[in-house]
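Below: one structure, written as structure tokens.
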Amino acid sequence: MPSLLAERTETQLNPRQAQAAGPRVRTERAGRARAARWTRGLLGIVALGVVWQLAPTYGLVDPYFVSPLSEVGAAWWDMLTSGRLWEHLSASLVRSAGGFLLAVAIAIPLGTAIAWYPPVRQLVSPVLELFRNTAALALLPVFVLVLGIGETSKIAIVLYACFFPILLNTISGVESVDKQLLRSARVLGLSSATTFRKVVFPAALPTIFTGIRIAGAAAILVLIAAEMIGATAGLGYLINYSQYNFLIPQMYAAILTTTALGLAVNYGLVALERRFSRWRS
């Protein structure tokens, strides 16, 4: 079995050899490596599914509390065909997407201003530190009291949970730009705005996207918890409702849907990051 040492020290073609080999050879090598990764990952998922199916079937765990995967799949398909799953999924998507996009729109400009202008950092940082160390779910009762139990409070709690990962990574990304790049921009006579647009922001983008990916996961997690406390629709409500009514396969089906949603968000953001970071390759 190949180790991390073998993977990191594997012989690679140097640029001249890669150019001489041509694009077909490079594509074949990359394709084989990608196929190997996907195959191993798929085998792990299949193994988990087999264990999930066999453990309750043969009494290794109580089948009343851990339903076999086949029953969970049947419950998921029933909810999908009846439209109930989409009803709850769409409610969660609207809330999480609304709060997440608002966080991106607010946190990136504010984080940029904090990192780029020292007076702004000195003015805003103490206040942000107070709120940064307050858990989002601890403020949920405050959001409900101030904004009501409707959609506004749920979007607001998602916005709060997503805001700080994006903000802090934006600040870190802008502050950690290589000083040599900034000196080169000054030597070339670029204005401050042009330097930021052409040099600083592209260099900070990978770090910013790290915060965006963390926020994407937080948007789902916090929303599910908020929907469990006060909602009449959404995946969190569906999980809670199924548990209280002992609809155990339906509960696991809703949990798997939440997992699939989180994976889709993560891979979508990874693809978006690659799209905006092509210059790095």
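The values are calculated or read from the model by the stated rules, or taken from the named source; none is laboratory data. What you are looking at is a predicted structure, and each value in this text was computed from that prediction instead of being measured. Backbone-built Cβ (ideal geometry, glycine too); neighbour counts: all protein chains shown. Just so you know, the surface numbers come from the protein's heavy atoms only, side chains and all, with ligands and any DNA or RNA stripped out. Shrake-Rupley method; radii C 1.70, N 1.55, O 1.52, S 1.80 Å.
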Number of the exception - residue 127 against (1) more than 26 Å from residue 229 (Cβ to Cβ); (2) among the β-branched types (Val, Ile, Thr); (3) surrounded by 14 or more Cβ atoms within 10 Å (Cβ to Cβ): (3)
Residue that is surrounded by the fewest Cβ atoms within 10 Å (Cβ to Cβ), among those in the stretch 212-255 that are among the β-branched types (Val, Ile, Thr) and in contact (Cβ under 8 Å) with a residue 24 or more places away in the chain: 229
Neighbours by Cβ (under 6 Å, 6+ apart or cross-chain): first from the stretch 142-170, within 17 Å of residue 105 (Cβ to Cβ); second open to solvent by 70 Å² or more (accessible area, probe 1.4 Å) and not hydroxyl-bearing (Ser, Thr, Tyr): 156/147; 159/102; 164/132; 165/214
Total residues in the stretch 172-194, condition open to solvent by less than 30 Å² (accessible area, probe 1.4 Å) and under 29 Å from residue 216 (Cα atoms): 3
Selected residue (only one of 70, 82, 96 is at negative phi, of a type in the set (S, T, N, Q) and touching a residue at least 60 places away in the same chain (Cβ under 8 Å)): 96
One residue from 213, 197 being part of a helix (DSSP H, G or I) and farther than 30 Å from residue 83 by Cα: 197
Test for residue 74: is it over 27 Å from the mean Cα position of the chain (by Cα) and either within 18 Å of residue 250 (Cα to Cα) or modelled with pLDDT of 80 or more (or both): yes
Criterion (modelled with pLDDT of 80 or more, within 29 Å of residue 249 (Cβ to Cβ) and either under 31 Å from the mean Cα position of the chain (by Cα) or open to solvent by 70 Å² or more (accessible area, probe 1.4 Å) (or both)) met by exactly one of 59, 44: 44
Filter result for the condition that a residue is within 25 Å of residue 165 (Cα to Cα), in contact with a helix residue (DSSP H, G or I) (Cβ under 7 Å, 6 or more places away or on another chain) and in a helix (DSSP H, G or I), over 260, 271, 204: 204
Cross-chain or 6+ apart pairs with Cβ under 8 Å, the stretch 108-133 first and outside any helix (DSSP H, G or I), then surrounded by fewer than 12 Cβ atoms within 10 Å (Cβ to Cβ) and at pLDDT below 85: none
Residue within the stretch 94-107 that is within 22 Å of residue 240 (Cβ to Cβ) and open to solvent by 70 Å² or more (accessible area, probe 1.4 Å) present: yes
Positions within the stretch 85-100 being out of contact with any helix residue (DSSP H, G or I) (no Cβ under 6 Å at 6 or more places or on another chain) and either modelled with pLDDT under 90 or within 18 Å of residue 226 (Cα to Cα) (or both), in sequence order: 87, 89, 90, 91, 93, 94, 97
Condition check for residue 40: free of Cβ contacts under 8 Å to residues at least 12 places away in the same chain and part of a helix (DSSP H, G or I): yes
Every pair of residues 6+ apart whose Cβ atoms lie under 7 Å, when the first sits in the stretch 257-272 and is of a type in the set (Gly, Ala, Ser) while the second is open to solvent by 40 Å² or more (accessible area, probe 1.4 Å): 262/217
